[in-house]
Every structure is written in C-alpha cells, then in structure tokens.
Amino acid sequence: MISYQWANQPLIKKIRDSLQENGIKCWMDIDDMQGSTLNAMARAVERADIVLICYSKKYYDSPNCRAGKCIAGKTRTVQI
C-alpha cells in the first residue's frame, strides 16, 4: 500500500509503476479506491504487508493522510 498526498501523485505513480514492474503488487487509491475513503484505506492497510509512506509537509497537514498513518500504526504492518 502506498500512502501519499495527492500533490505528489505524478512521482508516486512512477514509484508504483517501478515496483509493479519488479513484481511487487501495490495498492494505490487511484487504482483501487472503492466506497468510503477512510474505510478503503483501513482495508488496504490491514491487507498490506508493507505501507510505503511518502511523507511531506502536505501529507502531515492532510487529515486523511494522518488517519491512514494512524491506522497503519495500530496494525502489525511494516511502515517504510
């Protein structure tokens, strides 16, 4: 799962594409979001082996991004 703030989306898409080209399946909201934002993020975190957090000032300021990080912190998911 990739957690990021939308201002960085072009770079994050490149990271996702590179990971997928190397056989690593990645959940990203623009590809896999269904239903409630927070519920979808919670499900993605719970199903992930790793959460890649692409941290920035805008990420820190975003309530949704902080919520995703908080959810990841409450699971045994590895955060990078």
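Brief remarks follow.
- Qualifying residue in the range 24-40 (condition: open to solvent by less than 30 Å² (accessible area, probe 1.4 Å), modelled with pLDDT under 90 and assigned to a strand (DSSP E or B)): no
- In the range 6-51, the qualifying residues are those that are of a type outside the set (Gly, Ala, Ser) and touching a Lys or Arg at 6+ places or on another chain (Cβ under 7 Å), and the one that is nearest to Ser62 (Cα to Cα) is Met28.
- Residues located in the range 17-31, provided they are out of contact with any Leu (no Cβ under 9 Å at 6 or more places or on another chain) and closer than 14 Å to Tyr4 by Cα: Trp27, Met28, Asp29, Ile30, Asp31
- Residues being out of contact with any Ser or Thr (no Cβ under 9 Å at 6 or more places or on another chain) and either buried (at least 16 other Cβ atoms within 10 Å of the Cβ) or among the β-branched types (Val, Ile, Thr) (or both) - total across the range 1-23: 5
The values are calculated or read from the model by the stated rules, or taken from the named source; none is laboratory data. Note that the coordinates shown come from a computational prediction; the quantities given were computed from them, not determined experimentally. For neighbour counting, all protein chains shown are included, and Cβ atoms are generated from backbone atoms with ideal geometry for every residue, glycine included. Heavy atoms of the whole protein, side chains included, go into the accessibility calculation; ligands, DNA and RNA do not. Shrake-Rupley method; radii C 1.70, N 1.55, O 1.52, S 1.80 Å.
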